[in-house]
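Asks: Encoded as structure tokens, here's the structure I'll be asking about.
FYI, it's all coordinate maths here, none of it is from the lab. Nothing here was measured: the structure is a model prediction, and the numbers come from that model. So basically every Cβ, Gly included, is an ideal-geometry build from the backbone, and we count neighbours across all protein chains shown.
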Amino acid sequence: MRYQISGKQIDIGESLQTHVKAELGGILEKYAGRPTEANVVFSKSGHEYVCETVVHLSTGLTTQARGHASEIYAAFDSSGDKMDKQLRRYKRRLKDHHKARPQPVELSDAGSYILASTQDEENNADISDSPMIIAEMQAKIPEISVGEAVMQMELANAPALVFRNEKHSGINVVYRREDGNISWVDPINAG
């Protein structure tokens, strides 16, 4: 497994890196087989340390947890506890939905953009016809089943998920509706 442990304007010592690798490795070994990558980012917010942990599993699932505390080790431990709880809750579902895959899930590269709001909040009027891009990032699109996509969306606590349907390799979307139900968009089967 590949670890990327970094700090935003914070120096991360060797002992903290060793602690993160040992603790996170233990959590992942217990619940999730074959993790591929773990990104742990430490930052400081006011008087508290914040630890954001994102783990990519070979099944295509991405788990993420965030912890904060007055000490940096405690912030990681809080994040690790949340990750442990997430994986424990989904362990049965992971076993049911993820058969033994001979190969990890294929991921396609995609661009992800954050657009500035096009509405003037005070007057509720449009500012311009074309939105301005304020951030540009890389995203990965997994090739998974619809059930796995719903599970990954719930696990990441995301409002929507774009994925390639493993049955026909077409781009699909699942998203949470305002009424709490989940919708699935499949352009291939549009009739």
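Asks: Say R0 is 22 Å: what FRET efficiency, to the nearest 0.05, do Ala22 and Glu48 get from their beta-carbon distance?
Replies: For R0 = 22 Å, the calculated efficiency reads 0.40.
Asks: Something else about it: For Ile182, list long-range residues whose amide hydrogen, built 1.01 Å from N in the peptide plane, is under 5 Å from its own amide hydrogen.
Replies: Distant-sequence amide H within range of Ile182: Arg177.
Asks: Report, by chain and number, residues whose modeled amide H sits under 5 Å from the one on Thr36, excluding near sequence neighbours (fewer than 5 apart, same chain).
Replies: Residues meeting the criterion, in which the H sits 1.01 Å from N, are His56, Leu57, Ser58.
Asks: With a Förster radius of 30 Å, plug the Cβ-Cβ distance of Lys30 and Arg66 into 1/(1 + (r/R0)^6) and report the FRET value to the nearest 0.05.
Replies: 0.90
Asks: For the range 6-14, take each phi angle, set θ = phi - 60°, evaluate the Karplus expression 6.51 cos²θ - 1.76 cosθ + 1.60, and give the result in whole Hz per residue in order, putting x for glycine and proline.
Replies: Each residue of the range 6-14 in turn: 9, x, 8, 6, 9, 7, 9, x, 5 Hz.
Asks: Turning to a different aspect of this structure: State, to one decimal in nm, how far the label point of Met137 lies from the label point of Ile188, with both points 7 Å from Cα in the Cβ direction.
Replies: Once both label points are built, they end up 2.8 nm from each other.
Asks: Here's another thing I want to ask about it. Using the Karplus equation 6.51 cos²θ - 1.76 cosθ + 1.60 (θ = phi - 60°), what ³J(HN,Hα) coupling, rounded to whole Hz, does each residue of the range 131-147 give in order, writing x for Gly and Pro?
Replies: Those phi angles translate into x, 9, 7, 10, 8, 10, 9, 9, 10, 10, 10, x, 9, 9, 7, 5, x Hz.
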